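Read-outs: derived from the displayed coordinates by stated rules, not from any lab. Note that the structure is a prediction, hence the values are computed from the model and not measured. No Cβ is skipped: glycine too gets one built from the backbone with ideal geometry, and neighbour counts run over all protein chains shown.
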Amino acid sequence: MPETSTRVDVHPLIAERWSARGYDPTAVIDDDDLTAILEAGRWAPTWGGLAPVRFVVGRRGDETFEALTAVMKRGNRTWAPAAAALILVCTTNEPDDVMKHEYGALDAGLALSQMIVQSVALGFNGHPMAGFDKTAAAETFGVPAHLRPIAMLAVGRVADDPTSVPAEIRERDAVPRTRLPLDHIAFAGQWGRPFE
Ligand SMILES: Cc1cc2nc3c(=O)[nH]c(=O)nc-3n(C[C@H](O)[C@H](O)[C@H](O)COP(=O)(O)O)c2cc1C
């Protein structure tokens, strides 16, 4: 697993999270685990209690999974079909209501985040994706007009044997993960004055 460097320790579920691509294409997810991941998403905080987030869920081999794979951008189609499950995340589509529209997106992000953490807790990797045709996804699944597909989540098992993963995917997974240092992003007193 590529390193997550932090100034102090963070919870292992956060430290161990990363967006992998080298999934085991034979791994499966059982009903309880997939349900737990959806429950984690369901119980994310939601602005105004509106709870606009909806999921469309497929397991590798089923019709929904195939349809979700079909609307992915080419780059994601190289690795995400090896996931055990794919979850389409939909949220508010009300551009005339700025608050609802904006916070609907935030709700979706929070739901994704909770689903990713729950995936890690269950030994899976959760990898969010925006790289898919949102219009096609909405048409395929009949998403109502007041909602919009906003992201997809791949839930997979990282392959035990990295040599079983195509070299191109292995190389992408080996790229060091980086973030801006904390003192570049966390301020106190004045913008730009690092939080110590
Ligand atoms: C909203 C969003 C959309 C993303 N879309 C894609 C995607 O389409 N394909 C992909 O491979 N990764 C996607 N990612 C994953 C990011 O590339 C990844 O989180 C980033 O490189 C940081 O790596 P880490 O998650 O391992 O820390 C997306 C992440 C977010 C938050």
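Summary of values
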read-out	value
Residue ranges of helices (runs of 4 or more DSSP H) in region 1-120 with at least 1 members without any contact (Cβ under 8 Å) to a residue 24 or more places away in the chain, away from the ligand (no atom under 12 Å from the Cβ) and among the hydrophobic types (A, V, I, L, M, F, W, C)	63-70
Subset of region 176-196 (residues that are within 29 Å of Ala40 (Cα to Cα) and within 16 Å of the ligand (Cβ to nearest atom))	Pro176, Arg177, Thr178, Arg179, Leu180, Leu182, Ile185
Where Gly126 falls short, out of the listed (1) more than 12 Å from the ligand (Cβ to nearest atom); (2) under 18 Å from Asp33 (Cα atoms)	(1)
Matching residues, region 161-175, being of a type in the set (Val, Ile, Thr), surrounded by 12 or more Cβ atoms within 10 Å (Cβ to Cβ) and away from the ligand (no atom under 13 Å from the Cβ)	Val165
Residue in region 25-48 that is at positive phi, surrounded by fewer than 13 Cβ atoms within 10 Å (Cβ to Cβ) and out of contact with any Asp or Glu (no Cβ under 8 Å at 6 or more places or on another chain) present	yes
Yes/no for Val155 being closer than 23 Å to Val10 by Cα and away from the ligand (no atom under 12 Å from the Cβ)	yes
